[in-house]
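Derivation of every value follows stated rules applied to the coordinates shown; laboratory data play no part. All values reported here derive from a predicted model rather than from experimental measurement. Cβ placement follows ideal geometry from the backbone for every residue including glycine, while neighbour counts extend to all protein chains displayed.
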Amino acid sequence: MSPPLGGLGCGLMLSSFDASSPPADPVVAWDAAYDTDGGHYTTSSGHVDQWTDQSGNARHLTPDIAADGPVDDASTPNATTAFRFDGTSGYLQGSAASNFIAAGAATIFAVLKVHAAPTNNADGWDNRSIVTDGQAGGAFFELAVKNSTHIYFGNYDGSDDQADTTIDGAWHVVEMRHESGNIYIRIDGVTEATVASGNTSDLTGLFTVAYNAFNNTYAQVDMAALRCKKTALDLTTRDAVVAFLKYKYGIA
């Protein structure tokens with residue numbers, strides 16, 4: 001905490017935030033971790049051709065061809081470079097979803113800004129997927145947006161379950177969690193929705209960003225970070241991750 005203002009003699013305190021000690025990422029061992037700052041990606045002909053995994057597990061995300069990758073001409077509130085997925089062709093893909101989440105336990109954070117989402121279908125696998133397992137027969141898990149105002153964590157355990165909440169067109173830290181037979185979605189560490197859902201039925205599909213192979217649609221979204229963990233992180237840790245990501249990308 002900062003000392004009292006000198007010479008006032010009234011105990012008035014400065015802000016307790018110390019700019020020399022910003023929030024740190026509390027999770028050392030992510031299963032996958034991606035950022036758009038600091039050169040943590042490569043481009044080819046103006047498109048992102050690799051989003052480099054910072055976890056040490058080499059779970060890099062790439063498009064099939066460079067021209068199908070997003071562009072890096074978006075920016076976060078503090079002017080950090082971000083990716084723009086344009087809703088028509090941009091996507092990234094990795095290895096099997098089982099490398100990123102477990103069937104009954106997972107935590108995913110995404111720093112993003114949602115643009116238009118024209119679909120509004122009842123089935124969770126039939127909207128604009130932001131993060132999914134990329135299976136053409138229908139996703140078994142997804143972070144998806146519909147009707148431009150709703151974002152949800154969908155999970156298929158034999159039936160389609162959706163934890164749904166509202167979102168606007170600003171930058172947010174979106175958190176998904178699968179824990180003890182329930183799925184959760186939380187926005188900026190505040191607004192949370194939950195629904196009962198068992199183990200994800202299949203995680204053999206490829207971890208995919210901004211593309212839904214079932215309905216051949218692309219998400220229109222800006223993105224600056226992803227974090228994946230194959231366990232359900234506790235509340236204290238999750239709050240610390242949210243604080244870190246909000247600080248890192250200038251989100252109020």
Under the 7 Å Cα-to-Cβ spin-label approximation, Ser201 and Asn215 lie apart by a distance in nanometres of 1.8
In the stretch 178-244, the trypsin sites (Lys or Arg not before Pro) that fall in loop regions by DSSP, at most 14 other Cβ within 10 Å: none
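So what is the 222 nm mean residue ellipticity for the chain from helices alone, if each DSSP H run of at least 4 adds -39500 (n - 2.57) and you divide by all residues, rounding to the nearest 500 deg cm²/dmol?
Numbers: 1 runs with 15 residues, N = 252.
The per-residue figure over the chain is -2000 deg cm²/dmol.
Fewest first, what order do Ile251, Ile151 take by the number of other Cβ atoms within 10 Å? Could you put the intermediate results ahead of the total?
Working: Ile251 19, Ile151 28.
With the sparsest Cβ surroundings first, the list reads Ile251, Ile151.
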As I understand it, the value is the acute angle between the Cα axis of helix 235-249 and the longest principal axis of the Cα atoms of the chain; what does it come to in degrees, rounded to 10? 80
Label point 7 Å beyond Cα of Thr191 along Cβ direction - residues of the stretch 210-252 with amide nitrogen under 15 Å: 252
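Based only on other Cβ atoms within 10 Å, what is the fewest-to-most ordering of Val131, Val114, Val190?
Working: Val131 28, Val114 24, Val190 9.
In order of increasing Cβ crowding within 10 Å: Val190, Val114, Val131.
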At a Cα cut-off below 12 Å, give the aspartates and glutamates reachable from Lys146, other chains included and same-chain residues fewer than 8 away excluded. Asp123, Asp126, Asp164, Asp168
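Quick one: Kirkwood hydrodynamic radius for the chain, alpha-carbon pairs, angstrom, one decimal?
Working: mean 1/r = 0.0543 Å⁻¹.
Result for the chain, one decimal place: 18.4 Å.
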Figure the gain on full extension for Asp25 and Asp64 (residue separation times 0.36 nm, minus the Cα-Cα span) and round it to one decimal in nm. 10.9 nm
Can you return the lysines within cross-link range of Lys229? Criterion is Cα-Cα under 22 Å, with same-chain partners fewer than 8 residues away left out. Lys113, Lys246, Lys248
Between the stretch 175-252 and the stretch 63-128, what is the C-alpha centre distance in whole Å? 11
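Give the shape of the stretch 127-252 as rounded, prolate or oblate, defined through the alpha-carbon gyration tensor: a ≥ b ≥ c are the square roots of its eigenvalues, a/c under 1.5 means rounded, and otherwise the shape is prolate if a/b is larger than b/c and oblate if not.
On the way: a/c = 1.69, a/b = 1.25, b/c = 1.35.
Oblate.
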Between Val241, Ser148, Ser180, whose Cα lies farthest towards the positive end of the dipole of the stretch 32-249 when Lys and Arg beta carbons carry +1 and Asp and Glu beta carbons carry -1, centred on the Cα centre? Val241
Treat each spin label as a single point 7 Å out from the Cα along the C-beta direction, and report the Asn120 to Asp234 distance in nm. 4.2
